[in-house]
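So the structure is just underneath, and the comments pick up after that.
The values are calculated or read from the model by the stated rules, or taken from the named source; none is laboratory data. Computed from a predicted model, the values in this text were never measured in an experiment. Cβ sites come from the backbone with ideal geometry, for glycine too, and all protein chains shown count toward neighbours.
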Amino acid sequence: MISTFTRHWEIAWRGGQTKSTSRVVAEETAIALTYNGSTHAVMMGTPGDLEDFGIGFSLTEAIVERADEIRSIELIPNERGVEVRMWLDGGRATSLAARRRAISGPVGCGLCGIESLEQARRAPPKVEGRGVAFHARDLLGAMQALSPLQMLNQQTRSVHAAAFWHPRTGIGPVREDVGRHNALDKLAGAIVREARPARDGAILLTSRVSVEMVQKAAMIGAPLIVAVSAPTALAIQTAEEAGITLLAIARDDGYGVFTHPRRVVLPEGAALRAGY
């Protein structure tokens, strides 16, 4: 098993005093995603839940449509990082060869190596969940309940989380990574591997919402995103196009509903703005 954290010595200055101590620090390593023997992407990330990462990345980047189109997946650690080695069935391997591109990006880079504007601004699929509704108080409760479930972040205070929440079953699975895109890809893989129906649940994010986060959520098929930080204008536009309800700036005192508010049951006395 590859460690996701290590302990490092530090000189800590707190409260006007200095002392020698140690701190648990999140691991960050190069993760190569290879298909049928060729490297497709190299991302910097946390070396945990890498099977989920490989499957989730493949789905959210439209390399495959179904997880069973990945014939096998193997983790190959070496001194420079970890290779997530995947083999696709014949049809998918041919399609990938036609759109081959290499990505080499730092943490936080979700569109590194994209070769055209069309690839960067690809149209998101429409999500289902027309009749699904979520109570505002339950969504706030879900965000408040997420923090204690971020096991790696509890130790390191340096990683993002992406989680799935269902109004009947609560939070789970939860995936963490130093990169917010990686955390969401890991969650995508976990949702598929656990056979959870994404169409009637919500994705919880401890990061800001940029366009690629919405694009990945649309590929997962979740009708609702709840994020602790603010969205970008393009993320709002993309969520509107995908039919995703986007809640952001979710804090203890509330949040903002930016798109498709019909899925959110607000408290009595709350009024929606004109146009909705």
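Which of the numbered conditions does S38 fail, given that it passes all the others? Conditions: (1) hydroxyl-bearing (S, T, Y); (2) at pLDDT 95 or above; (3) in the same structural domain as S95 (by TED's automatic domain parsing).
Looking at each condition in turn, S38 falls short on (2).
Select from the range 1-20 the residues that are assigned to a strand (DSSP E or B) and in contact with a Ser or Thr (Cβ under 7 Å, 6 or more places away or on another chain) and write down the one among them that is surrounded by the most Cβ atoms within 10 Å (Cβ to Cβ).
Of everything passing the filter in the range 1-20, F5 is surrounded by the most Cβ atoms within 10 Å (Cβ to Cβ).
From A233, A195, A163, grab the single residue that is aliphatic (A, V, I, L, M) and either closer than 24 Å to E28 by Cβ or buried (at least 24 other Cβ atoms within 10 Å of the Cβ) (or both).
The conditions single out A163.
Could you check how many residues of the range 157-181 are under 24 Å from E212 (Cβ atoms) and among the hydroxyl-bearing types (S, T, Y)?
Final tally of qualifying residues: 1.
Condition check: closer than 18 Å to G179 by Cα and either at pLDDT below 95 or exposed (fewer than 13 other Cβ atoms within 10 Å of the Cβ) (or both). Does G108 satisfy that?
Considered against the rule, which asks whether it is closer than 18 Å to G179 by Cα and either at pLDDT below 95 or exposed (fewer than 13 other Cβ atoms within 10 Å of the Cβ) (or both), G108 comes out as yes.
Residues that are more than 25 Å from Q215 (Cα to Cα): list the strands (runs of 3 or more DSSP E) wholly contained in the range 21-100 that include at least 2 such residues.
The qualifying strands (runs of 3 or more DSSP E) are 70-78, 81-88.
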